[in-house]
Amino acid sequence: MNSSRVVGSIPSEFLLVGLSWVGDKKLPLSVLFLMMFLVVIFSNGTIIVLVMTDKKLQEPMHIFISLLALIDLSLSSSVIPKALTILWFDSYTISSLGCLIQTYVLYTMLGLQSSLFALMSFDRYLAICHPLRHSTIMSRSFMTVSVAFIVSRSFVFMIPLPAMMADLHFCHRNLIYSSYCQYTVLLRLSCGDLMAITIYMVLLVCLFPGGDNSLMIFSYVQILRAVYLLKSPQARWKSLSTCTSHAILLSLFYMSASFPLFLFLFYPDPSLYVKSMTELLSLLLLPMINPIVYGVKSKEIQNGLRRLYWRILLF
């Protein structure tokens, strides 16, 4: 694992040294990551197949759940296979093209996940605040347009980032103290004028977390207002129960997103072990938990799993 000092354009390869601390722990750690990754593949793959093949699960929320499962699967698949090759084969190097592709997929999926949570909160707002208009507004055509919009927005608006990164001037060693590539890490390796890319990243933050969070806050404020106006405790609980799954996942999403900030505030110089394990587990735990939450909280998903089981058994 030899590093080199890079002066000039983007280097031909980077060294991912986030897992260089493992030593004799490679086998148990790789087994842990592999088992968790297999659970992510199986659970999210099952949700995707279930919603795609079961006609009774063609409601908007179930379609959103299947898209969320696809995003979670993509997030884990963009990082964990490379981490496993590092542990198995000591393959610490990653090409600059592979690094840029990894960051593009990672940030695109994170942006899409944020937009999907906003769309799911809007669906819950309509279901609770305007139940008679829910099926009319959340029609198949609206679903198609809205999903196409958030997907195309995420993919298109993230394209300039890897292109701008490839044009940066680098003047530090090609070491990435992480187990996968990130735009913020690449920025720290570069030097020169970063004004253009900084402005663009700020615009992306305003567009994705800013716009999505505004819609989520609006939706849940209206939901809580509508529930508060209900006189019956049973009616209040029934209304709130329709969005508990989404609220749980949303809470976990924000806890995961804010954890690096808390880590930086209270532990400004974390060890490589803490940093790398936090990064990798955040891309495995949530994709593992999300299908379980919907499987436990949604009777429709549970019934769909039973029907899928009997279809497979009778086949």
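The values are calculated or read from the model by the stated rules, or taken from the named source; none is laboratory data. Only a predicted model underlies this, so the values are computations on that prediction, with no experimental measurement involved. Note that each Cβ is placed from the backbone with ideal geometry, even for glycine, and that neighbours are counted across all protein chains shown. SASA here: full protein model, heavy atoms, side chains in, ligands and nucleic acids out. Shrake-Rupley method; radii C 1.70, N 1.55, O 1.52, S 1.80 Å.
Please find, within segment 229-244, the residue that is farthest from the chain's Cα centre (by Cα) out of those that are in a helix (DSSP H, G or I) and surrounded by 15 or more Cβ atoms within 10 Å (Cβ to Cβ).
236
Sort out which residues of segment 167-209 are of a type in the set (Ser, Thr, Tyr) and open to solvent by less than 40 Å² (accessible area, probe 1.4 Å), and write them in order of number.
Within segment 167-209, 178, 179, 180, 183, 190 meet the criteria.
Those residues that are open to solvent by 70 Å² or more (accessible area, probe 1.4 Å) and among the polar types (S, T, N, Q), I need them from segment 130-139; list them, please.
Hits for segment 130-139 are 135, 136.
Residue 61 passes all but one of (1) in contact with a Cys (Cβ under 8 Å, 6 or more places away or on another chain); (2) assigned to a helix (DSSP H, G or I); which number fails?
Every condition holds for residue 61 apart from (1).
Which one is surrounded by the most Cβ atoms within 10 Å (Cβ to Cβ), of the residues in segment 84-100 that are among the hydrophobic types (A, V, I, L, M, F, W, C) and within 15 Å of residue 185 (Cβ to Cβ)?
Filtering segment 84-100 for residues that are among the hydrophobic types (A, V, I, L, M, F, W, C) and within 15 Å of residue 185 (Cβ to Cβ), the one surrounded by the most Cβ atoms within 10 Å (Cβ to Cβ) comes out as 99.
What residue, of 196, 247, is in a helix (DSSP H, G or I), at negative phi and over 20 Å from the mean Cα position of the chain (by Cα)?
After applying the criteria, what remains is 196.
Just to be sure before I move on: is residue 284 at pLDDT 90 or above, in a helix (DSSP H, G or I), among the aliphatic types (A, V, I, L, M) and over 24 Å from residue 125 (Cβ atoms) in the structure I sent?
Answer is yes for this residue.
Output the number of residues of segment 81-122 satisfying the condition of being over 26 Å from residue 153 (Cβ atoms) and either touching a residue at least 60 places away in the same chain (Cβ under 8 Å) or charged (D, E, K, R) (or both).
Looking only at that region, the number is 11.
Looking only at residues in segment 163-181 that are aromatic (Phe, Trp, Tyr) and within 22 Å of the chain's Cα centre (by Cα), which one is farthest from residue 273 (Cα to Cα)?
Looking at residues that are aromatic (Phe, Trp, Tyr) and within 22 Å of the chain's Cα centre (by Cα), I get 180.
Could you tell me whether any residue of segment 259-275 is under 24 Å from the mean Cα position of the chain (by Cα), buried (at least 17 other Cβ atoms within 10 Å of the Cβ) and either of a type outside the set (Ser, Thr, Tyr) or at pLDDT below 80 (or both)?
Within segment 259-275, one or more residues are under 24 Å from the mean Cα position of the chain (by Cα), buried (at least 17 other Cβ atoms within 10 Å of the Cβ) and either of a type outside the set (Ser, Thr, Tyr) or at pLDDT below 80 (or both).
Quick one: which of 66, 76 is open to solvent by less than 10 Å² (accessible area, probe 1.4 Å), of a type outside the set (Phe, Trp, Tyr) and within 20 Å of residue 290 (Cα to Cα)?
Of 66, 76, the one residue that is open to solvent by less than 10 Å² (accessible area, probe 1.4 Å), of a type outside the set (Phe, Trp, Tyr) and within 20 Å of residue 290 (Cα to Cα) is 76.
Do you know which of the residues in segment 1-48 that are at pLDDT below 90 and part of a helix (DSSP H, G or I) is nearest to residue 303 (Cα to Cα)?
Ranking the qualifying residues of segment 1-48, first place goes to 25.
Might you let me know whether segment 178-190 holds any residue that is more than 27 Å from residue 281 (Cβ to Cβ), out of contact with any Cys (no Cβ under 8 Å at 6 or more places or on another chain) and not in a helix (DSSP H, G or I)?
No.
List pairs: first residue in segment 35-58 and at negative phi, second residue not in a helix (DSSP H, G or I) anywhere in the structure, Cβ distance under 9 angstrom, at least six positions apart or on different chains.
Partner pairs satisfying both residue conditions: 51/58.
Applying the selection to segment 174-229, what residues are in contact (Cβ under 8 Å) with a residue 40 or more places away in the chain, among the aromatic types (Phe, Trp, Tyr) and over 30 Å from residue 98 (Cα atoms)?
Once the filter is applied, which keeps residues that are in contact (Cβ under 8 Å) with a residue 40 or more places away in the chain, among the aromatic types (Phe, Trp, Tyr) and over 30 Å from residue 98 (Cα atoms), segment 174-229 yields 218, 220.
Out of 109, 52, report the one residue that is in a helix (DSSP H, G or I) and open to solvent by less than 40 Å² (accessible area, probe 1.4 Å).
Checking each option against the conditions leaves just 109.
Give the residue, chosen from 142, 157, 149, that is surrounded by 16 or more Cβ atoms within 10 Å (Cβ to Cβ) and part of a helix (DSSP H, G or I).
157
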